[in-house]
Amino acid sequence: MSAPPARSDVVAAARGWIGTPYRHQASLRGIGCDCLGLVRGVWRQLYGAEPEAPPPYSQDWAEAGRREILAEAMLRHFQSHNGATARPGDVLLFRWRAHLPAAHLAIATAGDRMVHAHAGASVAEVAIGAWWLSHRVASFSFPEIQD
């Protein structure tokens with residue numbers, strides 16, 4: 001059995017997706033992914049098979065529903081924590097609007113930076129500015145991650 005991944009492994013894996021075009025429901029490095037596909041791809045790189053396959057989802061799934069589907073899935077497979085500052089390798093969950101379910105994921109690469117896939121753009125590493133901080137609702141660690 002191999003050792004659990006380190007936070008630096010998560011960061012390196014996420015950065016390997018930079019430049020991947022945005023493609024709804026996709027999860028293929030260099031070919032296309034959405035925000036969930038990015039996290040799924042990093043999981044596969046670090047752990048192998050995904051713990052569950054996501055069901056098909058529309059681009060406006062969060063606007064159409066009221067359930068916290070993404071948060072519930074994260075709680076099934078990741079470790080939740082309440083750190084005020086994102087740690088490298090954390091998966092960050094964001095809510096676009098206060099009245100909607102959380103619907104966006106990113107992977108922190110430093111306390112103030114993250115890699116994410118956003119509609120209309122390629123996967124990029126960006127600053128976690130005031131807007132992102134005000135919309136973050138949770139942070140998660142990959143299972144058994146080593147600091």
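The values are calculated or read from the model by the stated rules, or taken from the named source; none is laboratory data. What you see is a predicted model, and the numbers here were worked out from it, not measured in a lab. Every residue, glycine as well, gets a Cβ built from its backbone with ideal geometry; the counts of neighbours run over all protein chains shown.
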Task: Cβ-Cβ under 8 Å pairs, at least 6 apart or on other chains, segment 127-147 side in contact (Cβ under 8 Å) with a residue 60 or more places away in the chain and aliphatic (A, V, I, L, M), far side crowded, with 19+ Cβ neighbours inside 10 Å and in a strand (DSSP E or B) - done: VAL137/LEU93; VAL137/PHE94; ALA138/LEU92; ALA138/LEU93
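If I go through segment 1-60 residue by residue, how many of them are part of a loop (DSSP other than H, G, I, E, B) and among the β-branched types (Val, Ile, Thr)?
Number of matching residues: 3.
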Open item on the list: Can you report the number of residues in segment 116-128 which are out of contact with any helix residue (DSSP H, G or I) (no Cβ under 7 Å at 6 or more places or on another chain) and buried (at least 20 other Cβ atoms within 10 Å of the Cβ)?
Closed with: 1
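Take SER80 and tell me if it is outside any loop (DSSP other than H, G, I, E, B), without any contact (Cβ under 8 Å) to a residue 60 or more places away in the chain and within 22 Å of GLY41 (Cα to Cα).
Values: outside any loop (DSSP other than H, G, I, E, B): yes; without any contact (Cβ under 8 Å) to a residue 60 or more places away in the chain: no; within 22 Å of GLY41 (Cα to Cα): yes.
For SER80, the condition - outside any loop (DSSP other than H, G, I, E, B), without any contact (Cβ under 8 Å) to a residue 60 or more places away in the chain and within 22 Å of GLY41 (Cα to Cα) - is not met.
Residue by residue through segment 1-27, note down the ones that are buried (at least 18 other Cβ atoms within 10 Å of the Cβ) and charged (D, E, K, R).
Of everything in segment 1-27, those that are buried (at least 18 other Cβ atoms within 10 Å of the Cβ) and charged (D, E, K, R) turn out to be ARG7, ASP9.
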Open item on the list: Being at pLDDT 90 or above, surrounded by fewer than 18 Cβ atoms within 10 Å (Cβ to Cβ) and closer than 20 Å to MET114 by Cα is true for just one of GLY37, GLY30. Which residue is that?
Closed with: GLY30
Task: Selected residue [of a type in the set (Lys, Arg) and exposed (fewer than 14 other Cβ atoms within 10 Å of the Cβ)] from ARG136, ARG97, ARG87, ARG113 - done: ARG97
